[in-house]
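Have a look at the structure below before the remarks.
The values are calculated or read from the model by the stated rules, or taken from the named source; none is laboratory data. Small disclaimer: the values here were computed from a predicted structure and weren't measured. So basically every Cβ, Gly included, is an ideal-geometry build from the backbone, and we count neighbours across all protein chains shown. These area figures cover heavy atoms from the full protein model, side chains too; ligands, DNA and RNA do not enter into them. Shrake-Rupley method; radii C 1.70, N 1.55, O 1.52, S 1.80 Å.
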Amino acid sequence: MRSAVQIADARANKPGHQIYAGRARAIIERASIALRSSTWVPIATGFIEPVLYLLAFGYGMGTLIGDISTSAGSIDYTVFIAPGLLATSAMNGAIYDSTWNVFFKLNESKLYQGMLATPLGPLDVALGEIIWALFRGLSYSIAFMLITAPLGLVPSWSALLAIPAAVLIAFGFASFGMAITSYFKTYQQMGLIQIVLLPMFLFSGSLYPISVYPDWLEFTIKLLPTWHGIELIRDIWFGVIDFSSFSHLIYFLVMIVLGLFFTTRRLRDLFMR
Amino acid sequence: MPESLISARGLTKKFGDFTAVDGIDFDVAKGESFGLLGPNGAGKSTTMRIIAATSRRTSGTISILGRDPEEHGPQVRAHLGVVPQQDNLDTELTVTENLYIYGRYFGLSKKFVNKKVEELLAFAQLEEKKDVKVEALSGGMKRRLTIARALVSEPDILMLDEPTTGLDPQARHILWDRLFRLKEDGVTLIITTHFMDEAEQLCDRLVVMDKGKIMAEGSPAELIKQYATREVLEVRFGSDRNKEVAPILREMCDRIEELPDRILLYVEDGEALLEKIVAKKLHPNTSLVRRSSLEDVFLRLTGRSLIE
Ligand SMILES: Nc1ncnc2c1ncn2[C@@H]1O[C@H](COP(=O)(O)OP(=O)(O)OP(=O)(O)O)[C@@H](O)[C@H]1O
Ligand SMILES: [Mg+2]
């Protein structure tokens, strides 16, 4: 049995030991305990939203639209929007825990203050909370896959690779979402996140190809994480992996790193200055 | 001087232009119970946070078990149990879960922590509440839980920032009793308070802080001996007459303090002085002879009451 002191001393010479105790899993364990007693309603709505879009647009409007032509050839409209909505599920899930829940913990409860009074560092807290948030993104996208597969919307077995890709997307969104949230002080500012997210989702090519836009708008949309996420999943879904698919991967890796960096720094400035 | 566990020299903390802790020096020995006594804003909590490696000093040096918290924050924190001024329990979890997960933050095994939790529930007398969410606890229970939580890692040093503020007298005595037991087990206690009876009860040695500075240092008895007389005579003549008689009384004692509602006279023998005052036909409305306390020390050092 090692004591708390022995455990901490063992890491004393590791680089970054001041910000990371290698124990993000303790934060995840805490979140899983807290989940047992939380309400399930907001969790369910986050998942249902993309499913409703699939029904309304795919099976509603889709019957009017028929097939649409893409780089992967001419495909049924419902099949076209399914991967975009899976990406949306992953993003929704990741955003849920990393924004509002984190905001509450930062401002209403003094949870992080308590955690950071132990040998844990700000990167443990950031990483733990972000990984927890991405679990939700992962479970939403798995659930979405389970719904779309029997409907014949998943073209091949290789489309299952969309799940690990969804994890990456969720990681990026959770990481960035927590970073932004950590700088917000009021509920009004938090409301901005909601206001920005919906148009980002609607106009980023989830429901139609962005080639319909004028060049400047198309270019702008291509800077957004929603577009990269939707395109990445769509590439995998239809098996058209190319250079652009890798650029999406890199986009999310950068997002993850930046988000972790700023979250860690902000937690340190807030609770350990 | 026994082995020094904590040692600070010229410790300073600034928030912008404001100096919250202003070049203080102190040492804490192993097994000692050390107090920081002072009014609101004296810099007690700020000092506590620097020791606890959750706040970075602006200048000066501090070593905790020979380590600089700036370079070895996690290693320093592994030695400490921290009870902050305001409870920061995990409101989403139950009593048991709060204790359990805190142990996990230190990296302790599930087996060890589960055993420890049982022990701490008994220590904090919270067995009956063990599956209750912390929001449903009373203030005193929350405080006991916060203290129990700080003990889950078996710390060498327990940091208590105003452990009994807001508790009723009975709850305070229960807490004091728990703290005595810890002291007997060899835990070093660092306590802030603005209750002088608490400081007298709990602290082997203390520093009196005001406006970021240390005004005096010593055991409660030493401080009283050095900065106050053996006894105090408190007299009230009513707010109008207080001013009138004060110059006369000043001649009759070692030292006098005029408070808005009463006059404090510092002497070795309070009863004797009272007889002399009555002999002069100055009849106070009320009078009281008592032993000097840390409150008097504080008044002497700062010219202000500890609790305003
Ligand atoms: N984070 C901060 N930013 C700016 N000023 C601060 C901060 N923390 C403390 N201060 C200031 O430093 C001074 C000392 O505060 P501190 O909390 O250490 O006092 P204290 O002795 O614990 O008082 P109390 O008995 O009220 O708890 C106060 O004037 C306070 O306003
Ligand atoms: Mg304080």
- [ ] Mind checking the stretch B:251-297 for trypsin sites (Lys or Arg not before Pro) that DSSP puts in a loop (not H, G, I, E or B) and that have at most 16 other Cβ atoms within 10 Å?
- [x] B:280, B:281
Task: Along principal axes, Cα extents of the protein assembly as shown, largest first, whole Å - done: 113, 55, 46
- [ ] For the stretch A:102-148, list whatever residues lose no less than 50 Å² of accessible surface once every protein chain is in place, relative to that chain by itself, with the probe at 1.4 Å.
- [x] A:110, A:117, A:118, A:119
Open item on the list: Suppose all protein chains stay in the model; what accessible area per residue would a 1.4 Å probe give for the protein assembly as shown, in Å²?
Closed with: 44
Open item on the list: With n ≥ 4 as the cut-off for DSSP H runs, can you work out [θ] at 222 nm for chain A, using -39500 (n - 2.57) per run divided by the number of residues, rounded to the nearest 500?
Closed with: -21500 deg cm²/dmol
Task: Per-residue mean of C-beta atoms belonging to partner chains within 10 Å, peptide B:7-14 - done: 0
TODO: Identify the trypsin sites (Lys or Arg not before Pro) of the stretch B:5-38 meeting these criteria: DSSP loop state and at most 11 other C-beta atoms within 10 Å of the C-beta.
DONE: none
- [ ] Would you mind pulling out the separation of the Cα centroids of the stretch A:176-212 and the stretch B:22-91, in Å?
- [x] 41
- [ ] Grab every C-alpha pair in the stretch A:82-183, bin the distances at 10 angstrom width from 0 up to the longest one, and report whole percents.
- [x] 17, 41, 25, 13, 5, 0
Task: Accessible area buried at the B-A interface, both sides summed, 1.4 Å probe (Å², nearest 100) - done: 3200
TODO: Mind telling me which of A:124, A:97, A:67 comes out most flexible in a GNM of chain A, alpha-carbon contacts under 10 Å?
DONE: A:67
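Applying 1/(1 + (r/R0)^6) with R0 = 25 Å to the Cβ-Cβ distance of residue B:40 and residue B:173, what FRET efficiency is obtained, to the nearest 0.05?
Working: r = 24 Å, r/R0 = 0.97.
Working from the Cβ atoms, E equals 0.55.
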Open item on the list: Please report, ordered by residue number, every helix of chain A (full DSSP H runs) that is 30 Å or longer along its axis going by C-alpha atoms and whose mean Kyte-Doolittle hydropathy reaches -0.5.
Closed with: A:122-148, A:162-183, A:243-271
Open item on the list: Using 26 Å as the Cα-Cα cut-off, could you pick out the over-long pairs in B:14/B:183; B:243/B:280; A:110/B:142; B:44/B:111?
Closed with: B:14/B:183; B:44/B:111
Task: Value of [θ]222 nm, deg cm²/dmol, for chain B, DSSP H segments ≥ 4, -39500 (n - 2.57) each, nearest 500 - done: -11000 deg cm²/dmol
Open item on the list: For chain A, what does the relative contact order come out to in percent, with C-alpha contacts under 8 Å and a separation of six or more?
Closed with: 25
Open item on the list: Given a 1.4 angstrom probe, I'd like the percentage of the accessible area of chain A that is carbon and sulfur, rounded to a whole number.
Closed with: 70
Open item on the list: Counting only other chains, and only Cβ atoms inside 10 Å, what mean value do you get across the residues of B:88-95?
Closed with: 6
TODO: Just tell me which aspartates and glutamates come within less than 14 Å, Cα to Cα, of residue B:116; anything on the same chain fewer than 8 places away is out.
DONE: B:97, B:127, B:154
Open item on the list: Could you tell me the calculated FRET efficiency between residue B:181 and residue A:45, based on Cβ-Cβ distance and R0 = 41 angstrom, to the nearest 0.05?
Closed with: 0.25
Task: chymotrypsin sites (Phe, Trp or Tyr not before Pro) restricted to DSSP loop in the stretch A:10-83 with at most 16 other C-beta within 10 Å - done: A:40
Task: Max mean-square fluctuation residue, GNM over chain B, Cα-Cα springs under 10 Å, options B:47, B:188, B:94 - done: B:94
Task: Highest-MSF residue in chain A out of A:69, A:182, A:141 [GNM, Cα springs under 10 Å] - done: A:69
- [ ] Tally up the carbon and sulfur contribution to the accessible surface of the stretch B:48-119 as a whole percent, 1.4 Å probe, everything protein left in place.
- [x] 48
- [ ] Keeping every protein chain in place, order A:230, A:163 by accessible area at 1.4 Å, biggest value first, i.e. largest first.
- [x] A:163, A:230
Open item on the list: With a 1.4 Å probe and all protein chains kept in place, how do B:153, A:74 rank by accessible area, largest first?
Closed with: A:74, B:153
